[in-house]
1. So how do 48-57, 149-158 stack up, highest first, on mean other-Cβ count within 10 Å?
2. Ignoring ligands and nucleic acids, what accessible area does THR122 show with a 1.4 Å probe (Å², nearest 10)?
3. Net charge within 15 Å of PRO159 by Cβ-Cβ distance, Lys/Arg positive one each and Asp/Glu negative one each, not counting PRO159 itself?
Amino acid sequence: MALAIKSAAAQVACVKAAPVAKANRMMVWRPDNNKMFETFSYLPPLSDDQIARQVDYIVNNGYTPCLEFSMPEDAYVSSGSSVRFGAVSCNYFDNRYWTLWKLPMFGCSDPVQVLREIDNATKAFPNAYIRMAAFDANRQVQVASMLVHRPSSAKEWRPVNQRQV
């Protein structure tokens, strides 16, 4: 009986110690200059090869890619860059729609065309955010959206290793 009590006491001590060890590994998210966008925003910026693989996936699945761009001051929701309709604004999305780069690439079957357009948009607007979205024509929904270019002047985000305290 004494052995069972000691074992139970040891188990309780282990259980109490475990959360403390885990709590010491937890990080606090920095709220300042730590803004994110859609898919993959929590990761480091995508390399050209990673973007190419995403384009391959989009085109190979028959989705329609399109590019959008926005200047940094309009890329995020802020009181100055949005119009509020009051408390009754169901399904109203601030700054979700950026300027479209050309038309969506309907029927695109060559990923190189998409990569070329990303390059052209980046050259035309080097100080703008550029994102690629993909739409499924059958289901009539957006299936992907990710940044493919972040301006070098962007100061409202942090590298992955500086996002928490």
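1. Working: 48-57: 15.2, 149-158: 13.6.
In decreasing order of mean packing, 48-57, 149-158 become 48-57, 149-158.
2. About 30 Å², rounded to the nearest 10.
3. Once all neighbours under 15 Å are counted, the net charge is +4.
The values are calculated or read from the model by the stated rules, or taken from the named source; none is laboratory data. Computed from a predicted model, the values in this text were never measured in an experiment. Reconstructed Cβ throughout: ideal geometry from the backbone, glycine too, with neighbour counts over all protein chains shown. The area values use the complete protein model at the heavy-atom level, side chains included, leaving out ligands, DNA and RNA. Shrake-Rupley method; radii C 1.70, N 1.55, O 1.52, S 1.80 Å.
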